[in-house]
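The values are calculated or read from the model by the stated rules, or taken from the named source; none is laboratory data. These numbers come from a predicted model, not from an experiment. As a convention, Cβ positions derive from the backbone with ideal geometry for all residues, glycine included, and neighbour counts pool all protein chains shown.
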Amino acid sequence: MAGIVSYGSYIPYRRLKRSAIAQVLGVAAVKGERAVASFDEDSVSMAVEALRDALRGAPGPSVQALVFATTTPPYAEKLNAAIVGAAAQLPAEIRAADSTGSSRAGISALLAAADAVTAGAERAAVAMADCRLAAPEARAEQTNGDGAAAFILGARDVIAEIEASASVTREFLDTWRGPGERFPHTWEERFALTQAYTPMLTGVIRNLMAKAKIAASDLARIVIDAPNPRAVDEVVRALKLDPARLADPLAATVGQTGAAHAGVMLTAALPAAKPGDRILVAGAGEGADALLLRVTPAAAHFRPRHSVGGMIESKGEVSYANYLKWREILPTEPPRRPDPDRPAAPPMLRSERWKFGLVGSRCVACGTPQLPPQRVCVKCRTRDQMEPYPFADRSARIATFAFDRLAYSLNPPTINVVIDFQGGGRFLCEMTDCEPERIAIGEEVEMTFRRLFTADGVHNYFWKARPRRQERP
Amino acid sequence: MASNGIKDRVAIIGMGCTRFGEHWDKSVDDLLIDAAYEAYESAGIAPEDVDAYWLGTMGSFSGLTLSTPLKIPYRPVTRVENFCATGSESLRQACYAVASGAYDVAMAIGVEKLKDSGYSGLVVGQAPNDGTLGNITPPASFSLLAPAYFKKYGLDPEKGKDVISRIAWKNHRNGARNPKAQFQKEVPLESIKNSPKVADPLGIMDCSGVSDGSAAAIVVRAEDALKYRKDPIYIKALSFIAGPGEGPMSPEYDFTTFPEVVASAKDAYAQAGIKNPRQEISMAEVHDCFTPTELVLYEDMGFSPRGTAWRDVMDGFFDLEGKLPVNPDGGLKSFGHPIGASGLRMMYEMWLQLRGEAGPRQIDNPKLGMTHNLGGAPGRCVSFVSVVGRSLG
C-alpha cells in the first residue's frame, strides 16, 4: 500500500511581526508573526529546500515522478517542477508536473503522487510551497505565511500508510486571481465559510471515515487546513472531533502557507506520532481532499534533518518596509548600476548539474575536489580525469568575507564569502539569511538554492551560503 | 620558463598624457587626439613617422577607434585589452614590435571614458553565461584582502584602518602636487577614515578615482633613440603574468598576496638584473586600485618583508620624501583610473621623474623606476611589472 517514506519541510528565516504591519497601515493587528520568504526566495527555491531534506531521509530507489504544488509558480509557462527536480538532482527519467490554482493543490498533489506509486512507481515525490501576496491592508497580508513541505511516497519502507482518501470538487467563487494580477480578490467570507468550506470538509471527512470504517475517536491527530480557519472549528463541532487532537495551525508563528499548508502542518505533527496512530489530513479549495494515514513502526526511527519546530525558532526579523521592497510592492530608486543580463539558455544547459545541483568535480588523479567543475585539475594540472562531486549537502567555513555596498541588492549590503568545504573545495559566493555583525572568519555555513535575480522574465537560480540553521529544537 | 627580456633594447622618446578626471566636454576621440599629439610633439616627430600603433582600451573596440579620429594613413593599429593592465599591455606590445625590428617607431596609447556610463564605479560586460558568475563589485573583491591581512599579521581592525587610510592620505598628498591628477587636494586622515563605507572596511576614500583620460608613449630601438632626443628613457624589464585563477578555488590561498605579482616582479627583476628592489629601485608607480592592494603589493614586490609593509607605511618609507617613494604622481587613488590609460600614465610619471620634469614632486636624482599594473581580483588576476632607467647599462 502506498505511503509516506520520508518528509521534509522548510520555513524561511525571516519573520514579519504583524504589529509592525498594523503600525504602519493603521489597521488592526493579528497576533504573532508570519514567516517571510527572503528577497532571493520563491515557491520553487523553498520547495527545493524541503525536497532536499525529504530526499536525505529516503536513501534507496530513486524517484520516478515529481509533482510540484503551489499557487505562486514563478513561471506561468515553463515547467517549474523541472527546476525543482534539477536542483534536487532527481534523475532525468521522471514524470514531472506542476499542480496549481488552489490552496488545496498540495494535498491533491500528494494524492496524485500516491496514485503514481499505486500504479507501479517505486518512489514518487511531491514538493509543495507557496509565497503568496496579499494587498497591503488585506487581512491575508498578515495571516499568510511562506513555507514548504515535501514528501517521498513509496510502497516499501513507509513510515505512514495511506489507508484511504476522499475528494470532492465544487465550483464556487471565494478567492480568485487572473493572469497578470498580483493580489487575489475574495468574496465576502461568510458565504464560503457557511456554503463551501464547512460543508465540503465535513462531507469529505465523513466520507473518508466511512470508507476506512473508523470513528472520530480513532484519530490520534487531526490536520485540517481551510482558507478560513473558522471552518475548522465548525467541522470539529459537526463531526464531534476531539479539539485537543487538532494539529497546530502554526498561525501565530508561520502563517497560512497556501498550497503547502496542510503539508507543513503534517510535517510538524509527524515527529510526535507513534506507531499505530491514525492521522487525518484534509485541505480545502474549490472542494476538499482528505486522506487517512496510519503510522508504522518504521516512523519511530525516522527524523528529518530539519524540523518545523527548529526552523520556527531559527529566525531573524524583517521590517515591513523591507518586506514591501522585497515583494516590489513599494517601488524604489533604481541603483546606478546596470541591470543584470539574463542567463543564457545554452550555457545553462551545458552547466545544468553545476548551476542547479551544485555538482563540482574531483580529480581522480590527486583527489582534489573543486568548484565550479574543471577539466584541468587546479592542483595537479591533470587533464580530463574528473568525476562529478556534489557540494550541496556539504558544510563549509568562512575563509574571508566582503560587505559589498555598491552591488545592487534588495537587502544591502550584499555579503560575499570565500568558503572552504569540509573535505576540500573552495568557493566564493553570496551569503544570505544572516546578520552582518555575525559574519566572521571560521563561521560554519551551508548551501541553499536561491533566486539571484530576474532579468527579461528569466529567473536566475543558483546557490548561496547561509549560516548553519539549527537542526532540531 | 624562458623570459629573456629586452633590457636596454628599446627606448621611450616621447610621451603624452591628458589630465585625468571628469571630461564631460571630451569624447574618446578627443582624448586620443590630445594624448597622441602631445606624444608626437614630445618626441619631435610627425604623425606619419609612426609605423604602428597599439591601442589599449576596455570600452571601445578595434584599431578603428584610433585610426579614424587620428586619420592614420593605412598603418597597423592593434586594439589590446587585459583588464586594468590594458595600458601596460599596449606598451609591452609596442616595445616588442620595435625590438623585433618589424617596425622602427611605434606608439602605445591607452584611453578610457568611464564617466559617460551614468553608473557608479566600473562596469564590465560579460559574455553570455549560465548566471553563476557572482555579483561581486571590484571594491568588495579587493576588500577581501583586508580582514585576511589584518588577521594574519595581528592588526586589530582599527590599526588596520589607520594603515590603509595612510596609504590614501599619501597618494592624495602626492596628487595635490600634480597638475594632471583628477584630485589635486590633500585630504585629512580623519576624512579618509570616516568616508562613507563602500565595502567594509573600505570607504569611498579607499577607492581609486573613476575617470576619463588618455596617455601615450612613442618607442624606438635604443640605438635610434639619441637621433630623436638626448634624454630618452630605457626599458630595463617588461613582465606580464596571467594566473591560473587558483585563489577562488584553492583553500591554500589566504588573500594576503597576489601570486601573479610575485611572479611578475621576480621576472622583471631578473630581466633588469635587480637583486634588492628595496634598495635599488628609486621610485615606483603601483596599482593602488584600493588601499589594501597597495599594502599587499609592497610585500609581493619585495619592497617590504612579509608582514611588515604596514610598519613601513606608518614610518613614511613610501612617502614622497621617504626612501622609496611609491605613487609619486598620486596613483590611481588621486590621479584617477581610466582603465586603458592607467598603465601608460604610470609610465608617464617615470618619464617625467627620470628626466627631472616632475616639478614640485620631483624625486632627488632617480635612476631606476618601476611601474606595476594589475587586472582582475585577488586570487585571479593579471600582473604587469616594468623597470625603466635613464641610462643604458
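A few points about this structure:
- Candidate set from the stretch A:69-78 (those that are in a loop (DSSP other than H, G, I, E, B) and touching a residue at least 40 places away in the same chain (Cβ under 8 Å)); member that is farthest from the chain's Cα centre (by Cα): A:Ala76
- Residue count, the stretch B:352-372 (criterion: within 18 Å of the chain's Cα centre (by Cα) and closer than 18 Å to B:Asp8 by Cα): 5
- Helices (runs of 4 or more DSSP H) within the stretch A:194-295 that include 2 or more residues surrounded by 24 or more Cβ atoms within 10 Å (Cβ to Cβ) and under 22 Å from the mean Cα position of the chain (by Cα): A:261-269
- One residue stands out in the stretch B:225-261 among those that are in a helix (DSSP H, G or I) and within 17 Å of the chain's Cα centre (by Cα): the one that is farthest from the other protein chains (Cβ to nearest Cβ), namely B:Val261.
- Helices (runs of 4 or more DSSP H) lying entirely in the stretch B:112-224 (those with 3 or more residues that are of a type in the set (A, V, I, L, M) and at pLDDT 95 or above): B:157-175
- Taking (1) under 25 Å from A:Ala138 (Cβ atoms); (2) more than 13 Å from the chain's Cα centre (by Cα); (3) in contact (Cβ under 8 Å) with a residue 12 or more places away in the chain in turn, A:Ser45 satisfies each apart from (2).
- Of the set (1) closer than 24 Å to A:Lys325 by Cα; (2) more than 7 Å from every other protein chain (Cβ to nearest Cβ), all apply to A:Glu444 but (1).
- Selected residue (criterion: surrounded by the most Cβ atoms within 10 Å (Cβ to Cβ)) from residues of the stretch A:97-138 that are among the basic types (Lys, Arg) and modelled with pLDDT of 95 or more: A:Arg123
- When restricted to residues that are without any contact (Cβ under 8 Å) to a residue 24 or more places away in the chain and part of a helix (DSSP H, G or I), the stretch B:38-67 contains 2.
- Of all the criteria given as (1) of a type in the set (Gly, Ala, Ser); (2) within 8 Å of chain A (Cβ to nearest Cβ); (3) surrounded by fewer than 23 Cβ atoms within 10 Å (Cβ to Cβ), the one not satisfied by B:Gly131 is (3).
- Qualifying strands (runs of 3 or more DSSP E) (wholly inside the stretch A:1-68; at least 2 residues being in contact with a His (Cβ under 8 Å, 6 or more places away or on another chain) and outside the structural domain of A:Thr448 (by TED's automatic domain parsing)): A:3-10
- Any hit, the stretch A:357-369, residues being touching a residue at least 12 places away in the same chain (Cβ under 8 Å), at the interface with chain B (Cβ under 7 Å from one of its Cβ atoms) and surrounded by fewer than 23 Cβ atoms within 10 Å (Cβ to Cβ): no
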